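Below is one structure, written out as structure tokens; the observations come after it.
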Amino acid sequence: MRLAWVLLLAAGLLLAGCARILPPGPSMSERSGPGADFPYRKTEGGYPSLAPLLQRITPAVVNVAVTSELMPEDHPFLRDPNFRRFLEEFELEMPDPSEVQERQSVGSGVIIDGSRGLVLTNSHVIEDADEITVTLKDRRSFKARFIGADPDTDVSVLQIMPVDAPRLRFGDSDALEVGDFVIAIGNPFGLGQTVTSGIVSAVGRTGIAGDTLGELIQTDASINPGNSGGPLINLAGEVVGINTALIGPYGGNVGIGFAVPSNRVQAAMRRIIGAR
């Protein structure tokens, strides 16, 4: 029945938020501290707020929307033998392999040079993309051009039209310690720009994604599908990592997220841009 394929496709689109979700299994430049110019303020009740810091850095964080072709046989549900047996048992019509469907997914990114329109994101966010759209915090959207990728670090560089955006500093990820406060910014579930905070839970974490990504930063700052490619920020406003993966039994956050350390990101970025 055609109805079965329509329902199947609709469910797939709802679940297509771009984030590397891992199954549960085994596995700052000079350190800054609160000072006279530290970007805190106190509310009327006397409580500290990160609002001034976020107002300064969030315009550099973007949403990345990807459109790609999805052949029916490539649909994740149809690759599941149990789901195939379900269709066969109830004599539901299998999709026509000749039909090509459109898949839309979402992720995040960070502007690394507004004057040149360069945007950093994850490689897996734009994998197999036919069209990439970058949307700024002020809701302006631009078609993006793929510049290059470094799969070993899951880093890709895109280019849009030149824009006026703050140029964020990269921090020294080697200086991070367990317990340091960090902030994750991104586009979870396609909701739009969202900020979460937490601490560094571990550094040098290996064995993630089959150990293909090397040593990662682990954090309990909420990272969900769609956060991939967004920055992990320290309290000095520096990028110390690029969010790339999470472990969650149902594809949602359980306080175990991972970011590629900024020192490795910068090296990959230089290789990509220098190769042009």
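Some points to look at:
- Note on the range 130-203: along the principal axes its Cα atoms extend 39, 28, 25 Å, ordered by decreasing extent.
- Per-pair calculated FRET efficiency, R0 = 30 Å: VAL178 and ARG116 via Cβ, rounded to 0.05: 0.25
- Note on the range 129-259: Kirkwood hydrodynamic radius from all Cα pairs is 15.5 Å, rounded to one decimal.
Taken together, the values in this text are just the output of simple stated rules run on the coordinates, not laboratory data. Every value quoted in this text rests on a predicted model; they were computed, and no experiment measured them. Here the Cβ is made from the backbone with ideal geometry for all residues, glycine too, and neighbour counts use every protein chain on show.
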